[in-house]
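Notes follow the structure.
Every number here is computed from the coordinates shown, using simple stated rules; none is lab data. Here the structure is a predicted model, which means the values were calculated and not measured. Here the Cβ is made from the backbone with ideal geometry for all residues, glycine too, and neighbour counts use every protein chain on show.
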Amino acid sequence: MRERLQKVFEIALFAGIIALSVAIFLLRDRLQNVGDVGYLGLFLLCFLANATVLLPAPSLMIAASCALILSPFWVAVFAALGSSAGELVGYAFGSTGRDLSPRFRALLDRLSERIHQPALLVFVLALLPLPLFDLVGIYSGGARMNLGKFFLLCFAGKFLKMLVYTRMYDILAWAAALSPLGGGT
């Protein structure tokens, strides 16, 4: 009975993740209108943008937009925290998918034999501006990587990426203000 209840829970979680991903994807245009959301709003928007599984959402653009209003450093911190928390949805998807599908488990086992440094893979791919980081989260959850380790590696990579993007946007805005076309004197 307990195994059956666990299987029902896993199927419900799996279906919920898919429904959440589709809903966020359909509402993605509204996520881009960040305005003056503050740090908590930024965290929530980046969480939602990264909680989609295999559907792209604009977390880098949200962070870059907020960096014009808020401190770029703190924008990078809160955006990376929200983005990393959102990636836990992909991790959960992989973890439940492993339990639900023997074929998926076999695929993960074959991948695990070929990936010798999964921690480095998580960090490097979180650092790069790739739209399908969800695959790394799905793999990490399915391969049973330590959840805390996954989150910290994901946060470190995303923080560095967000810091570069928020500072780059800040520098471009500063340069535009100094140019004769940008209204500077």
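A few comments on the model shown:
- Residue list for the stretch 79-94, filter: farther than 22 Å from L108 by Cβ and buried (at least 24 other Cβ atoms within 10 Å of the Cβ): A79, A80, G82, S83
- Helices (runs of 4 or more DSSP H) fully within the stretch 35-128 that include at least 1 residues being over 23 Å from G142 (Cβ atoms): 38-50, 59-66, 72-100.
- Residue count for the stretch 130-154 under the criterion of being assigned to a helix (DSSP H, G or I) and surrounded by fewer than 20 Cβ atoms within 10 Å (Cβ to Cβ): the result is 6.
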